[in-house]
1. Just rank 127, 221, fewest to most, by other beta-carbon atoms within 10 angstrom.
2. If I stretch the segment between residue 78 and residue 134 completely, what's the gain in nm (0.36 nm per residue apart, minus their alpha carbon distance), one decimal?
3. Once you've got the GNM for the chain with C-alpha springs shorter than 10 Å, pick whichever of 220, 206, 283 has the biggest mean-square fluctuation.
4. Report the paramagnetic label zone for residue 27: residues of segment 51-79 whose backbone N is under 15 Å from a point 7 Å from Cα along the Cα-to-Cβ axis.
5. Among 55, 309, 106, which one shows the highest mean-square fluctuation when the chain is modelled as a Gaussian network with alpha-carbon springs under 10 Å?
6. In percent, what relative contact order does segment 5-339 have, based on Cα pairs under 8 Å that are 6 or more apart in sequence?
7. Under 10 Å, Cα contacts only: if you run a Gaussian network model on the chain, which one of 217, 54, 70 comes out with the highest mean-square fluctuation?
8. If you wrap segment 214-258's Cα atoms in a convex hull and average its projection over all directions, what's the area in nm²?
Ligand SMILES: Cc1cc2nc3c(=O)[nH]c(=O)nc-3n(C[C@H](O)[C@H](O)[C@H](O)COP(=O)(O)O)c2cc1C
Ligand code: SF4
């Protein structure tokens, strides 16, 4: 867990990734508040190899929830730059990536590939699709320009790109819907647009569902096929999650590990990370040994930003009990189980 590994051109000094975690603290215009700087500096001081910042909306209409931060406008960039600097100036070697997102059905615009049963959505036109693809590219250019070490495309958790991947949510009968290749063409177009803007040497990552269980529309075989297509196009790392990403109760740790292993067997040499219920050092070491290049954590780092340091000094298990009380914090994301 403590050996370095490259993600594309990026040197990461250990195998710990902080999976993107929304901070729920931005101003109504998407600019960040000062508390972000300490939050991210603490993760760097805690020895996280790669920190993926909470999702950023790439255009106003893709904003997924209140207090979400943006990268849609030039006026967003000063605050984001200070977050990057707060990580880099710790001089621990921690790297920071921007996660780029459009909420689709779960956004201000309620734009979606098609109208799912019981939902009030606006079906995306060809122009809408082109505009979203272009906005992802612009956002990625901005991220690179202001100093993020990498970008991650959010294609999981039932946000727009994963809505397109799902045969349940994507009922289109044009070239963006139907078979898996068509459903994946939106994500692949976003990837290509970003690549064309940031160049071949800049690390681009994708977070993807490995399943949308208990619903049905994106099984692990589809996730493996899409991951392989991305690997063939030069993606630098795939992070494996699932639709039910934040389980409160789980009877075994690392609940997407089996799917992640299946995907890893299909993607050649592209590095992979797995997120979801990773808690014990013994278990994560086993995942590393069996197939995972990196291990990602979200809630454990909310509770213990210095968890990596503690693992290095012999701690056996993260303290997070997965109660999910940390959503909608009074100021900025924090462990509310500890405070109460
Ligand atoms: C408060 C909170 C905010 C989250 N925000 C994001 C996000 O912005 N982007 C994302 O991809 N996942 C987000 N997630 C999901 C996590 O990255 C992760 O996939 C999930 O919590 C499971 O991992 P864990 O068991 O280590 O917490 C969030 C999770 C929590 C608890
Ligand atoms: S509030 Fe619960 S889920 Fe969130 S970090 Fe604390 S223990 Fe973990």
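Where a number appears in this text, it was derived from the coordinates with a stated rule and is not lab data. Keep in mind the model is a prediction, meaning the values are calculated, not measured. All Cβ positions, glycine included, derive from the backbone under ideal geometry; neighbour counts span all protein chains shown.
1. In order of increasing Cβ crowding within 10 Å: 127, 221.
2. Values: separation 56, 0.36 × 56 = 20.16 nm, distance 2.21 nm.
This chain segment gains 18.0 nm when fully extended.
3. 283
4. 67-79
5. 309
6. Numbers: 720 pairs, mean separation 56.7, N = 335.
Averaging sequence separation for qualifying contacts and normalising by length gives 17 percent for segment 5-339.
7. In the Gaussian network model the winner is 217.
8. Working: hull surface 15.6 nm².
Hull-based average projected area comes out at 3.9 nm².
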